[in-house]
Amino acid sequence: MTFPILIEASDGQFAASLAGVPGVCVVKPTRSQAITALKAEIEQRIARGDLAPLEIEAVSVSSLAGKYRTDPTLHDICDTAYQRRDAEHDA
């Protein structure tokens, strides 16, 4: 399993963190020590919990097509928008 990590040098130390997870970070004197310590931290967290994939369906404009075709509220909103558009165009 591979995880993206960020390694930053600051004040003679190296901070290694799990990308996208601010709470998973270690600071060590050398780059290699920071990587090793971060690996151990991630392994400990996985051992205490359960790592599982979570699939999220992407929502796009095309997936919304027709979804609200029978919603009377949408028709009212559209009618109002068209009336305003027409009034601005005629002014």
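Things to note:
- Those residues of region 35-82 which are in a helix (DSSP H, G or I), small (Gly, Ala, Ser) and farther than 30 Å from residue 24 by Cα, in sequence order: 62, 63, 81
- For beta carbons closer than 8 Å, sequence separation of 6+ or different chains, a first residue in region 38-57 that is assigned by TED's automatic domain parsing to the domain that holds residue 18 and a second that is among the hydroxyl-bearing types (Ser, Thr, Tyr), the qualifying pairs are 38/17.
- Identity of the residue in region 2-12, loosely packed, with under 14 Cβ neighbours inside 10 Å and touching a residue at least 24 places away in the same chain (Cβ under 8 Å), that ends up farthest from residue 46 (Cα to Cα): 7
- Residue match in region 13-30 (condition: surrounded by fewer than 10 Cβ atoms within 10 Å (Cβ to Cβ) and outside any loop (DSSP other than H, G, I, E, B)): no
- Filtering region 15-41 to residues that are within 14 Å of residue 3 (Cα to Cα) and of a type in the set (D, E, K, R) leaves 39, 41.
The values are calculated or read from the model by the stated rules, or taken from the named source; none is laboratory data. All of these numbers come straight from a predicted model, not from anything done at the bench. Here Cβ is always computed from backbone atoms with ideal geometry, including for glycine, and neighbour counts include all displayed protein chains.
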